[in-house]
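Working notes for the structure below.
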Amino acid sequence: MTDMAVSSDYLDFVVEQLAPLGRITTRRMFGGAGIYANGLFFALIADDVLYLKGDEGLKAEFEAAGAQIFDPFGDGKTLNYWSAPAEALDDQEILIDWSRKSLEFAARKKR
């Protein structure tokens, strides 16, 4: 099992970048952190990598952007989370766009 440590500096950076989405809260989980926008779980951080929730509909977009699927144990048993594209971490507007897609998926899934 991977140690999914999250540095407080990285967590603070991500929360700050996601602020335009509304009330951002985090919850420590399995050594990583779950990220919620207005109470909706849509992202997580593991090993100081931000992963956004996605489905088959977003898979092609994530892959085209160079994102990697979250494989927490390195055994091919992946979860529906994708690493945030590199340019998203350098540009808040791009990160917010990707995050809104993940939030839309999370909201549909919750219904």
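A few comments on the model shown:
- Residues of the stretch 1-21 satisfying the condition of being out of contact with any Asp or Glu (no Cβ under 8 Å at 6 or more places or on another chain), surrounded by 13 or more Cβ atoms within 10 Å (Cβ to Cβ) and not hydrophobic (A, V, I, L, M, F, W, C): Gln17, Pro20
- A count restricted to the stretch 70-96 and to residues that are farther than 16 Å from Gly34 by Cα and either surrounded by fewer than 19 Cβ atoms within 10 Å (Cβ to Cβ) or more than 13 Å from the chain's Cα centre (by Cα) (or both) stands at 15.
- Cβ-Cβ under 7 Å pairs, at least 6 apart or on other chains, the stretch 31-47 side over 14 Å from Trp82 (Cα atoms) and in contact (Cβ under 8 Å) with a residue 60 or more places away in the chain, far side β-branched (Val, Ile, Thr) and part of a strand (DSSP E or B): Ala37/Ile24
- Strands (runs of 3 or more DSSP E) contained in the stretch 31-109 and holding at least 1 residues touching a helix residue (DSSP H, G or I) at 6+ places or on another chain (Cβ under 7 Å) and among the polar types (S, T, N, Q): none
Values in this text are rule-based calculations from the coordinates and carry no lab data. All of these numbers come straight from a predicted model, not from anything done at the bench. Cβ: placed from backbone, ideal geometry, glycine included. Neighbour counts: every protein chain shown.
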